[in-house]
Amino acid sequence: MDQRKLYKTIENLASQRFGSEKEMLEYILKQIIELESIHVTGGRLWQFNPVTGDYQLMFQTGNLEKINSGFKINITEYPLFDLIAKERTILDNETNATLREKGIFKYSASGVGSKIKFNGKLYYEYLLALNSEELGEEFRLTLSIIATALTSLIKQMRYSQRASVMKADLNKAREIQKGILPEHEYRFHNYKMFGISDPAEIVGGDLFDYIEFGSEDDRLAVALGDAASKGLSAAAEAMYVSGALRMACSFEIKIAPLMKRMNSLVNRIFKDEKFASLFYGEFTTDKSGLFLYANAGHNPPMFVKKNSNEIVRLLSTGPVLGPSPNANFNIDSINFSAGDVLLIYSDGVTDAANTEFESFGEERLQKVLLNNRHRSPKEITYAIMDEVIKFSVNGEYSDDKTLVVVKKEE
């Protein structure tokens, strides 16, 4: 029989849904016996036990006399089994007295599934044995093709199951992360703000938060951070930083010691290669519009006064969180007047690249901010995101993108 056609036949037999790989193997073995082109009269599936070093009968079908359920054959009785890991299929005379009594005088055995190490040697987790009156080289090749196809189907089933579990876990993580992120729109006295986070994968390593605290809820913290890397590990770090930040704010710690404590926590909890940048600032009800902040190695936010075309960049006041456990952090300040706008963002915004690997960059971001500063925080945020998405469509590089825009009302 044509080998490619046989392989395709086995794949087609497995195209329906099965509850387990055992169910799939049993079904296909039954169907193989029905194929006239193969001339098989019966078959058995054996499963290897890596503790006892024997193969136990798992399933049998065909017109041969049935073997007792649970029957085992020890690999020490079959020296040729040592060759299956290398040659896939062997043919030999049956020596086991019980099996010979059942009319099995010659056997074929082909390895299926993964290989398991036992006493320094490799054995397939399943053996497929078929009976035929034509136990020759052509039959050996046929059996090897069947075993190869079955092994491929088992791996596909396992990958699919793992993917389903991983997808469920990722979806759960995404829901948790979404639950941690605040509402997009927020108001604190005469400050309006709007934030949005767009992960590059199912979950992301960016975070932003609004944390209202103080004895009379007269202080508001605004934070935006970016954990190193992307995906699940970065998301876990971002969620930890977010939770730790909220807890620290509840103790009303001043900004410099708060950042020092956050740095120590990230250093202690995460591995050496993990770090996070963080911009943290506090609004109060102070009439002067005082805004105190610390920038731990984060992209400098952009501050623009109502009647100025000059962008003020809020530069770092300390290193990224994590690598230097004893680092100190300074604080700085700006003053908001009515109509002033502050843009805080992650590097996924400026690093977004087009098909020519050109980054969106700070200059384009400044231009969009200046052209839209008269609008609401929500409108400014979406204007920026629209420009970034249009610029980077079909681009090869994508990272988590997070924006927070704050504007003092007039």
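Among the numbered criteria (1) under 30 Å from Arg261 (Cα atoms); (2) surrounded by 22 or more Cβ atoms within 10 Å (Cβ to Cβ), which one does Ile331 miss? Here Ile331 clears every test but (2).
Set side by side, the residues Arg162, Arg187, Arg174, Arg100 differ, and just one is modelled with pLDDT under 80, exposed (fewer than 15 other Cβ atoms within 10 Å of the Cβ) and out of contact with any Leu (no Cβ under 7 Å at 6 or more places or on another chain), which is Arg162.
Only a single item in (1) touching a residue at least 60 places away in the same chain (Cβ under 8 Å); (2) more than 26 Å from the chain's Cα centre (by Cα) is not met by Ser242, and it is number (2). Restricting region 103-123 to residues that are under 20 Å from Ile38 (Cβ atoms) and in contact with a helix residue (DSSP H, G or I) (Cβ under 7 Å, 6 or more places away or on another chain) leaves a set whose member that is surrounded by the fewest Cβ atoms within 10 Å (Cβ to Cβ) is Ser108.
Figure legend. Inter-residue proximity from region 135-152: first residues assigned by TED's automatic domain parsing to the domain that holds Glu26, second residues aromatic (Phe, Trp, Tyr) and in a helix (DSSP H, G or I), beta-carbon distance below 9 Å, spacing 6+ or different chains. Indicated pairs: Ile145/Tyr7; Ile146/Tyr7; Thr148/Tyr7; Ala149/Tyr7; Ser152/Tyr7. Selection over region 94-110 of residues that are in a strand (DSSP E or B) and aliphatic (A, V, I, L, M) gives a count of 1.
Remark: Glu11 falls outside the filter, which requires a residue to be touching a helix residue (DSSP H, G or I) at 6+ places or on another chain (Cβ under 7 Å), surrounded by 17 or more Cβ atoms within 10 Å (Cβ to Cβ) and among the charged types (D, E, K, R). Tell me yes or no: at least one residue of region 36-48 is touching a helix residue (DSSP H, G or I) at 6+ places or on another chain (Cβ under 7 Å), among the basic types (Lys, Arg) and under 20 Å from Arg140 (Cβ atoms). The answer is no, given that none of the residues of region 36-48 is touching a helix residue (DSSP H, G or I) at 6+ places or on another chain (Cβ under 7 Å), among the basic types (Lys, Arg) and under 20 Å from Arg140 (Cβ atoms).
Selection of strands (runs of 3 or more DSSP E) fully inside region 278-373 by the criterion of at least 3 residues being without any contact (Cβ under 8 Å) to a residue 24 or more places away in the chain returns nothing.
Filtering Val341, Val349 for residues that are within 30 Å of the chain's Cα centre (by Cα), of a type in the set (A, V, I, L, M) and modelled with pLDDT of 90 or more leaves a single hit, Val349.
The values are calculated or read from the model by the stated rules, or taken from the named source; none is laboratory data. None of the values given here were measured: they were computed from a predicted structure. As a convention, Cβ positions derive from the backbone with ideal geometry for all residues, glycine included, and neighbour counts pool all protein chains shown.
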